[in-house]
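Participant: Sending over a structure as structure tokens; questions will come in a sec.
The values are calculated or read from the model by the stated rules, or taken from the named source; none is laboratory data. Computed from a prediction, not measured in an experiment: that's the story for all the values here. Glycine also receives a Cβ, built like all others from the backbone with ideal geometry; neighbour counts cover every protein chain displayed.
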Amino acid sequence: MTRRFRHDPPADPITTIGQMMSEAPRWFHVTCNTIGCRNRAAVPLVPLILRWGPHAPREWLDTRFRCTRCGARSTSVTRPSVAPFGVIEEFPANLALPIEKCE
Ligand SMILES: [Zn+2]
């Protein structure tokens, strides 16, 4: 874990999925934005890197998924939580089913 201090320069913004892959956690949550659906999946980065390449823009994660429950293309991406002392949320294997598919 890298500890940041107030006088440190801000970290470079993450603009590609390759940058996201450079440090754990190497997966993310995708949640359907449809009210009443809120379908959720856990998506590992590796298959997306293989499919799109490491220079694919981070924004693609916001626009390339379709909910398999309601069909909506409006989804939100969130990174797993990181607890104090660098303890990272464990990959939820039960949500890793292809609930959301990417296009
Ligand atoms: Zn949905």
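Participant: State all residues of the stretch 62-90 that are within 15 Å of the ligand (Cβ to nearest atom) and part of a strand (DSSP E or B); if no residue qualifies, say none.
Facilitator: 65, 66, 67, 75, 76, 77
Participant: How many residues are at pLDDT 90 or above and charged (D, E, K, R) when one looks only at the stretch 1-34?
Facilitator: Selection size over the stretch 1-34: 1.
Participant: Right, next: What is the residue count in the stretch 26-42 for residues that are closer than 15 Å to residue 95 by Cβ and away from the ligand (no atom under 15 Å from the Cβ)?
Facilitator: 3
Participant: Within the set of pairs 6+ apart or on separate chains, which have a first residue in the stretch 64-76 that is modelled with pLDDT under 90, a second that is small (Gly, Ala, Ser), and C-beta atoms under 9 Å apart?
Facilitator: Going by the 9 Å Cβ cut-off, the qualifying pairs are 68/41.
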